[in-house]
Amino acid sequence: MNSALTPDAVVAAERWTAHNYHPLPVVISEAEGAWVTDIDGNRYLDCLAGYSALNFGHRHPQLIAAAHAQLDRLTLTSRAFVHDQFAEFCHRLADLTGQDLVLPMNTGAEAVETAIKVARKWGYRVKGVKPGQAKIIVAADNFHGRTTTIVSFSTDPDAHDDYGPYTPGFQIVPYGNLSAIAEAIDQNTVAVLLEPIQGEAGVVVPPAGYLTGVSRLCSENDVLFLADEIQSGLGRTGETFAVDYEGVQPDMHILGKALGGGIVPVSAVAARRDVLGVLQPGQHGSTFGGNPLACAVGIEVIKLLEKGEYQQRSAELGQRLHAGLETLVGQGITALRGRGLWAGVDIDPAVMTGRRASEALMERGILAKDTHGATLRLAPPLVITADEIDYALDQLKAVLG
């Protein structure tokens, strides 16, 4: 591929930024649908989709039109005032999640922080936990963000180490183990916080019945079930939410990434009235949370999901993706996991690392990214076509060849 301008641009980026990421050496300048173009004119099939932030592809016409229209009218008021997009966004999102109330924020980490604060306050004001004793159960290998509170209960050394002193109040149990949650619950437990499918860990799908069991344990013990659907939600898995596969209604949905349509950062928590209702004026907020531009785009995202088209595409094309990947097990792939248009592919370390697989795919016009050394994550936009999936599979097969 042509790379006349790319090397200097990569060097410049490395010169002027903290090295908290290790990006592939590609410099993107344009994008549309499932494809991106770099500064040298090379085109790539995007099979990462911004870690699910681009579920509806790059520059979806309906979402871009909504953003353009809102930019010409109003972009920010802060929550000191009410704007004309706010009620519709919150109402539509409450209906989509089956919850009573919505609290909009900006980033996924902000939404998780909001969930933690609300669960603790609920524990003290509603459940009657003694002050300062609230406990939240979380899963090993979780990824909920990178704030100081959230990394306090991370088991990933890269995310966790050297950021102490750490925030107390969390108990870590193995993911997928119901009995571990049952044993951990006590009178001070206010919530169980889980990803219905663990994304950063390598697209880890829990055993069948796990989410149902978690919901039952929480209900029986007066504990809130907080479902972090930031990566797994909004059509990614073939359902609107990953919990839908087991017919589970969590006490709180935690959302982000795709909620902003790949245009603006939008996150939110949605919960029952008795849960989110514990917040009173001045107790939590965000200057940009629920701003007019975010709400205008978010409304259109929800409209896309209300039709069910994207969930169906994810389910059907996901079957094609996973069937193709299955044929490569034993031919450079040792294992794979996932659901819908989301796959964690374990590369045989005897063949190459996950990083090298990502680089080799990039050289063949496919963008994906590794995690934890040996795993390749595939999460193409839900607008990808069957032919494009076959093309990506052919390139992966050639790389592993």
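Quick notes on this structure:
- The Cα-based radius of gyration of the range 61-306, divided by its Kirkwood radius, gives an Rg/Rh of 0.96.
- In this structure, the amide hydrogen of ALA139, modeled 1.01 Å from its nitrogen in the peptide plane, lies closer than 5 angstrom to those of VAL173, counting only residues at least 5 positions away or on a different chain.
- Principal-axis tilt of helix 6-15 within the chain, Cα atoms, nearest 10 degrees: 40
- With 32 Å as the limit on Cα-Cα distance, the pairs of LYS257/LYS397; LYS130/LYS303; LYS117/LYS303; LYS135/LYS307; LYS117/LYS257 that go past it are LYS130/LYS303; LYS135/LYS307.
- Summarising the amide proton neighbourhood of ALA31: residues at separation of 5 or more, or on other chains, whose placed amide H is nearer than 5 Å comprise THR37.
- All other residues whose Cβ lies under 12 angstrom from that of SER358 are scored, Lys and Arg at +1 and Asp and Glu at -1, for a net of +2.
- Once backbone amide H atoms are built at 1.01 Å from N, LEU224 has ALA191, VAL192 as its partners under 5 Å, excluding neighbours fewer than 5 places away on the same chain.
- Selection from GLN62, VAL351, ASN2, by position along the positive dipole direction of the chain (Cβ): GLN62
- The charge dipole of the range 61-306, taken about its Cα centre with unit charges on the Cβ of Lys, Arg, Asp and Glu (plus for the first two, minus for the last two), comes to roughly 740 debye.
- Over the chain, dividing the summed -39,500 (n - 2.57) contributions of all DSSP H runs of at least 4 residues by the number of residues returns a 222 nm mean residue ellipticity of -10000 deg cm²/dmol.
We did not get these values from a lab; they are worked out from the coordinates using the rules stated. Since the model is a prediction, treat every value here as computed from it, not as a measurement. FYI the Cβ positions are ideal-geometry reconstructions off the backbone, even for glycines, and counts take in every protein chain you see.
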